[in-house]
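The block underneath contains the structure these notes are about, expressed in structure tokens.
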Amino acid sequence: GENVEQHPSTLSVQEGDSAVIKCTYSDSASNYFPWYKQELGKGPQLIIDIRSNVGEKKDQRIAVTLNKTAKHFSLHITETQPEDSAVYFCAATPYDYKLSFGAGTTVTVRA
Amino acid sequence: NAGVTQTPKFQVLKTGQSMTLQCAQDMNHNSMYWYRQDPGMGLRLIYYSASEGTTDKGEVPNGYNVSRLNKREFSLRLESAAPSQTSVYFCASSDRGFMNGYTFGSGTRLTVV
């Protein structure tokens, strides 16, 4: 099955700086790559996703890039704010159901 | 509000006791899932139901059973709870093709003593 690795496990950034989280996947047939944000005590929520026919997608301060050749994808958060502090998960799948998740990145934005 | 509803939110069990975690979604999604979340281990798939009438094992199915009662409801049963099953459990649902990714419930925090 699909195996997703995520780095780093923790990330501390100064407010206003950028944050980058990277994930690699094993199954070259994977075609859907979402990112989830989990705030303390809550379930994960989808923040952005990308499909394999697109190399980059942006939504305000959040962007995701995909390199199919290298089998990796990244989340970029610009102009970080305190409310960006959370755990972020990447995921991938070659199916139209059943995601495989990375282990998560705890992001702390320092004021 | 549309979404995934999990009950209960918190539960403490004694070793050997049984319980069922309930999950219901009102988005007409085909697929439903149970995950457990442990510190440093991310989200691990316990069981899933790709469509009504089917269920399959995920990465960590031992000690659990599931029932897809109908299209809306997907329950997770612990027959004989063990301390290793202390975790936060999340139910999620999705449509085929991930038009909107997964929708997660708010979780059940289970402690087995």
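Each reported figure results from applying straightforward, stated rules to the coordinates on display, with no laboratory input. Everything numeric in this text was worked out from a predicted model, so none of it was measured. Quick reminder, even Gly has a Cβ in these numbers, built from the backbone with ideal geometry, and neighbours come from all protein chains shown.
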Notebook entry, point to check: Which of the residues belonging to region B:39-62 are within 10 Å of another protein chain (Cβ to nearest Cβ) and assigned to a loop (DSSP other than H, G, I, E, B)?
Noted result: B:P39, B:G40, B:M41, B:G42, B:A50, B:S51, B:G58, B:E59
Margin query: Restricting to region B:63-89, and then to whatever is closer than 18 Å to B:G105 by Cβ and touching a residue at least 60 places away in the same chain (Cβ under 8 Å), can you tell me which residue is farthest from the other protein chains (Cβ to nearest Cβ)?
Written below: B:L78
Notebook entry, point to check: Going through region B:10-53 one residue at a time, which ones are touching a residue at least 60 places away in the same chain (Cβ under 8 Å), over 12 Å from the mean Cα position of the chain (by Cα) and closer than 22 Å to B:A81 by Cβ?
Noted result: B:F10, B:Q11, B:V12, B:L13, B:K14, B:T15, B:G16, B:Q17, B:S18, B:M19
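Condition test on A:Q45, is it free of Cβ contacts under 8 Å to residues at least 40 places away in the same chain and within 12 Å of the chain's Cα centre (by Cα)? First the steps, then the outcome.
On the way: free of Cβ contacts under 8 Å to residues at least 40 places away in the same chain: yes; within 12 Å of the chain's Cα centre (by Cα): yes.
Here the answer is yes, as A:Q45 does meet what is asked.
Considering every residue within region B:27-35, establish whether at least one is surrounded by fewer than 20 Cβ atoms within 10 Å (Cβ to Cβ) and either assigned to a strand (DSSP E or B) or within 12 Å of chain A (Cβ to nearest Cβ) (or both). Spell out how you get there, then give the answer.
We begin by selecting, within region B:27-35, every residue surrounded by fewer than 20 Cβ atoms within 10 Å (Cβ to Cβ); these are B:27-28, B:30.
Okay, now just the ones that are also either assigned to a strand (DSSP E or B) or within 12 Å of chain A (Cβ to nearest Cβ) (or both), so B:30.
For region B:27-35, residues surrounded by fewer than 20 Cβ atoms within 10 Å (Cβ to Cβ) and either assigned to a strand (DSSP E or B) or within 12 Å of chain A (Cβ to nearest Cβ) (or both): present.
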